[in-house]
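Below: the structure, in structure tokens.
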Amino acid sequence: MSRGDCVAMEPRAGVSKQDIREQIWDHMESQNLADFPRPVHHRIPNFKGSYLACQNIKDLDFFARTQEVKVDPDKPLEGVRLLALQSKKTLLVPTPRLRTGLFNKITPPPGATKDILRKCATSQGVRNCSVPIGLDSRVLVDLVVVGSVAVSEKGWRIGKGEGYADLEYAMMVSMGAVSNETPVVTIVHDCQVVDIPEELLEEHDITVDYILTPTRVIATGCKRPQPMGITWSKISREMMEKIPVLRSLRAREQQAGKDVTLQGERQHLPEPGRQQAVPLSAGRRPPDTAGPEASSMEAASGSPPEEGAPLAADVYVGNLPRDARVSDLKRALRELGSVPLRLTWQGPRRRAFLRYPDSAAAQQAVSCLQGLRLGTDTLRVALARQQRDK
């Protein structure tokens, strides 16, 4: 395989990211460079020689020192996932389309053979041999490996157009899991290394530090800073509905005072003199005993919801154990990645109300918290409005 397989592409006026994608996809299909699954259009293309390209990651000095590796679930990256498992590294793979969370940690069975590890590295293994990692897990990713449709030797990258790799990186930044120093590697066929006009790059686009092909290891020397977090103005309401973990992250950043105005929304500023809810992580802590009922969060943001008239974005939690503490419930909420904007504790009545930013987030919390137990008691969880007559 030689660089003669590369697509001849020079920057030209008016070229778009989609133009470049289509040219790469068409070339790989017409030259029979693609591998299963085909056709490669609208995918991160798998290519002949992908395993050979993946092996080149061992030539990067820092690979041996990495402990936690995040590798996208794309087919051409399967070889890197296998190498990470064989090297006994913690392997994190994003949940497909982020439907149920951000990461899954691949957990091979004890004493797994190479054949078993090979299965764990496949998309089926990601589904069957993994456990979800919550937003509050202490994750520190040493290496990020992403798929690409096209990449330039300067480190500019183009994905398949859905934005998941960029969004996953931004979410990791928000979690504190990566920094601008975390190396980013992509693995592609030689024909996917092309010239990309810099003006096509947007603020939320990630860049790559190393490009691995079947024939080369390219250090891009890219100095462009990575995204600093989620650009909420690029996030639509539709994406918020599809990606529950985004709602949790938005609530956190809203609590921290960040601008989380979504695409097409007007920025909502606090009314003058109006007090804001205190987040769960605030320095003042509510009492850990079952009474008095009002927590510091509740006192800071006004009185609790009037009984019989809670807001649609409130979630009712009932059947709390008589000896339960506020800290027990808060800990459980953090572990499940379902932290509310405000918690109203009514311990003597064995119930609490959780405030979420909108009804969609509240409904997601209800789904997430079903079956939650404190001690031996299973809690009752429902939208608060459903408890109006109870």
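Pairs of C-alpha atoms in the stretch 3-229 farther apart than 31 Å represent 16 percent of all such pairs. Of the residues L91, L200, the one with the fewest other Cβ atoms within 10 Å heads the list, and the complete ranking is L200, L91. Ranked for footprinting exposure by Cβ neighbours inside 10 Å, fewest first, H204, H42 give H42, H204. Look at the Cα gyration tensor of the stretch 94-236: its axes a ≥ b ≥ c give a/c of at least 1.5 with a/b at or below b/c, and that counts as oblate.
Bear in mind these aren't lab numbers, they're just calculated from the coordinates by the rules spelled out. Owing to the predicted nature of the structure, the values given are computational and were not obtained by experimental measurement. Counting neighbours? That spans all protein chains shown, and the Cβs are built from the backbone with ideal geometry, glycine included.
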